[in-house]
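The values are calculated or read from the model by the stated rules, or taken from the named source; none is laboratory data. This structure is a prediction, so every number in the text was calculated from the model and none was measured. With ideal geometry, Cβ positions are generated from the backbone for all residues, glycine too; neighbour counts draw on all protein chains shown.
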Amino acid sequence: MTQALSNEQIARIAHEANRVYCLSLADTSQKSWDAAPDWQKNSAVAGVEFLIANPEAGPEANHNSWLEVKKREGWQYGEVKNEKKREHPCFVPYEELPVSQQRKDKLFGAIVRACLDL
């Protein structure tokens, strides 16, 4: 089966869906794909690539993969996302994430899988 969309196109779709989900929670910290910094776009593409390589992986595995990449890049926990300080409130194990953030990870995975099935 040929993949209809590129990994970056899938990442864009998943990112925008997550951004709208965040807006529904009154979280305005997510920029649109076109305005997002490269590190954020690269992170979304890496999430897509992880799910392609690990099709049975659940949201916990995808989050933990994201967490490992962030650790290598020097990020740490911070109550507010701050790219200059490399701090992120989701820099915790999956089970410690608020339910709203766990849902965001589930949404990301569902969208990636739906795009791959096109």
Task: Filter result (surrounded by 14 or more Cβ atoms within 10 Å (Cβ to Cβ) and free of Cβ contacts under 8 Å to residues at least 60 places away in the same chain) within segment 48-57 - done: Glu49, Phe50, Ala57
TODO: Could you please find all residues in segment 58-89 being within 14 Å of Ser43 (Cα to Cα) and either surrounded by 15 or more Cβ atoms within 10 Å (Cβ to Cβ) or within 14 Å of the chain's Cα centre (by Cα) (or both)?
DONE: Asn62, His63, Asn64, Ser65, Trp66, Leu67, Glu68, Val69, Lys70, Trp75, Arg86, His88
TODO: Being of a type in the set (Ser, Thr, Tyr), farther than 19 Å from Asp117 by Cβ and at pLDDT 95 or above narrows it down to one of Ser24, Ser29, Ser6, so name that one.
DONE: Ser24
TODO: May I ask you to list pairs of residues, at least six apart or on different chains, whose Cβ atoms are under 7 Å apart, with the first in segment 34-47 being more than 17 Å from Glu87 (Cα to Cα) and the second being modelled with pLDDT of 95 or more and surrounded by fewer than 17 Cβ atoms within 10 Å (Cβ to Cβ)?
DONE: Val45/Glu8
Task: Every pair of residues 6+ apart whose Cβ atoms lie under 6 Å, when the first sits in segment 90-118 and is surrounded by 13 or more Cβ atoms within 10 Å (Cβ to Cβ) while the second is among the acidic types (Asp, Glu) and at pLDDT 95 or above - done: Tyr94/Glu60
TODO: May I ask you to say which residue of Ser29, Ser43, Ser100, Ser65 is polar (S, T, N, Q), assigned to a loop (DSSP other than H, G, I, E, B) and on the phi < 0 side of the Ramachandran plot?
DONE: Ser29
Task: Scope segment 70-96; condition touching a Pro at 6+ places or on another chain (Cβ under 8 Å) and part of a loop (DSSP other than H, G, I, E, B); matching residues - done: Gly78, Glu79, Val80, Lys81, Glu83
